[in-house]
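Since every read-out is calculated from the coordinates, none of them should be taken as a lab result. Keep in mind it's a predicted model, so treat the numbers as computed, not measured. When we count neighbours, we look across all protein chains shown, and the Cβ atoms used for this are built from the backbone with ideal geometry, even at glycine.
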Ligand code: ATP
Ligand code: ZN
């Protein structure tokens, strides 16, 4: 039987979440920081630990069948790979930022200005699409200090909270792209049965993350109002309680409007609400 290879970041912002996702898929492997390859003992898969910048090309060239990497890196390296699944972590935006002291109103004011970045390809395409000609200064890191050093008028860099910009006297000016970690595969890999199996496992973990399992008690009279608030995977399960006229309702609710939903349920008469995390949802 063939063994698949998946490339993930060796260390950095995506490493921990990538390892956690694979472990939650039931894959059993050692996460030694020193090793480049870790075999999975219960699935025909090997994990390659690489620098994130190398992952798209490894996948394009078929050295790895799959990879987990930020969309920003994929677009910058301009590789031919298949996007298999968005993963919901490593969220950030690539933004153009300018010194706080500047008062630019319109993007066109960057015409003729210099912009320092580690993302010359993405920035170049963005500026071209807006018809702006700026001087792109490609540097390999610490982009945020370049305006302070007089190396550029602006920067284009990844931002999540904006804290780094602030502490360097910069403010966001324009959004270039938003990014999250994605699962990529070599072209055509989406037709492989083993890869399909792995994607299904990943999707069941992601689905479970987005929802909570909720059990609540309610008087029968409130049941209609309560079930109207609950979409569930199908419909909620309703179980009679020992106390006459009362039921327990079991359901799953989406994480995103969780608190609103809970207060609506309480208003509708729900009591003793117990909320539990879900490990996997297999449809
Ligand atoms: P490597 O050593 O693997 O080359 P790196 O220093 O290039 O690592 P990290 O800083 O670990 O990369 O970031 C990896 C990815 O995490 C980024 O490419 C991006 O997709 C994502 N990310 C999420 N938030 C941020 C952020 N605030 N700044 C930078 N990257 C972020
Ligand atoms: Zn990198």
Using only the alpha-carbon atoms, how far is helix 258-267 inclined from the longest principal axis of the chain? Give it as 0 to 90 degrees, nearest 10. 30
Choice from 252, 79, 239 showing the highest fluctuation, given a GNM over the chain with Cα pairs closer than 10 Å: 239
Need one number: % antiparallel among DSSP beta bridges in the chain, to the nearest 5. 75
Using a Gaussian network model of the chain with C-alpha springs under 10 Å, which one of 242, 218, 181 is most mobile by mean-square fluctuation? 242
Where in region 140-177 does the label zone of residue 105 land, with the point 7 angstrom along Cα→C-beta and an amide N cut-off under 20 Å? 171-175
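Can you sort 1, 177, 276 from fewest to most other Cβ atoms within 10 Å of each residue's own Cβ? Intermediate values should be presented prior to the final figure.
Working: 1 4, 177 18, 276 10.
Fewest-to-most Cβ neighbours within 10 Å comes out as 1, 276, 177.
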Can you figure out the FRET efficiency of residue 77 with residue 241, using R₀ = 51 Å and their beta-carbon distance, to the nearest 0.05? 0.30
Divide by every residue of the chain the summed helix terms, -39500 (n - 2.57) for each DSSP H run of at least 4, and state the resulting mean residue ellipticity at 222 nm, rounded to the nearest 500 deg cm²/dmol. -7000 deg cm²/dmol
Using only Cα atoms, find the angle between the long axis of helix 15-24 and the longest principal axis of the chain, and express it within 0 to 90 degrees, rounded to the nearest 10. 30
Among 244, 30, 190, which one moves the most in a GNM of the chain with springs linking Cα atoms closer than 10 Å? 244
Among DSSP beta bridges lying fully in region 92-179, give the percent that are antiparallel, nearest 5. 65
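Once fully extended, how much extra length lies between residue 273 and residue 255, figured as 0.36 nm per residue of separation less the alpha-carbon to alpha-carbon distance? Write out the running numbers ahead of the final one.
On the way: separation 18, 0.36 × 18 = 6.48 nm, distance 1.52 nm.
Working it through step by step, the gained length comes to 5.0 nm.
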In whole Å, how far is the Cα centre of region 153-168 from that of region 79-99? 16
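Rounded if a/c is under 1.5, else prolate if a/b beats b/c, else oblate: with a ≥ b ≥ c from the C-alpha gyration tensor eigenvalues square-rooted, which is the chain? Can you show the working numbers first?
Details: a/c = 2.86, a/b = 1.50, b/c = 1.91.
Oblate shape, in that a/c is at least 1.5 and b/c is the bigger or equal ratio.
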On a C-alpha basis, how far is the centre of region 1-78 from the centre of region 212-242 in Å? Whole number, if you could? 42
Taking Cα pairs under 8 Å and at least six residues apart, what relative contact order does region 92-179 come out at, in percent? 50
Least to most buried among 143, 274, 40, 69 (fewest other Cβ within 10 Å first): 274, 40, 143, 69
Relative contact order, percent, region 211-277 [alpha-carbon distance under 8 Å, six or more residues apart]: 52
Compute the relative contact order of the chain as a whole-number percentage, counting only Cα pairs closer than 8 Å that sit 6 or more residues apart in sequence. 19
Report the paramagnetic label zone for residue 140: residues of region 92-114 whose backbone N is under 12 Å from a point 7 Å from Cα along the Cα-to-Cβ axis. none
Counting other beta carbons within 10 Å of each residue's own, what order do 50, 107 fall into, fewest first? 107, 50
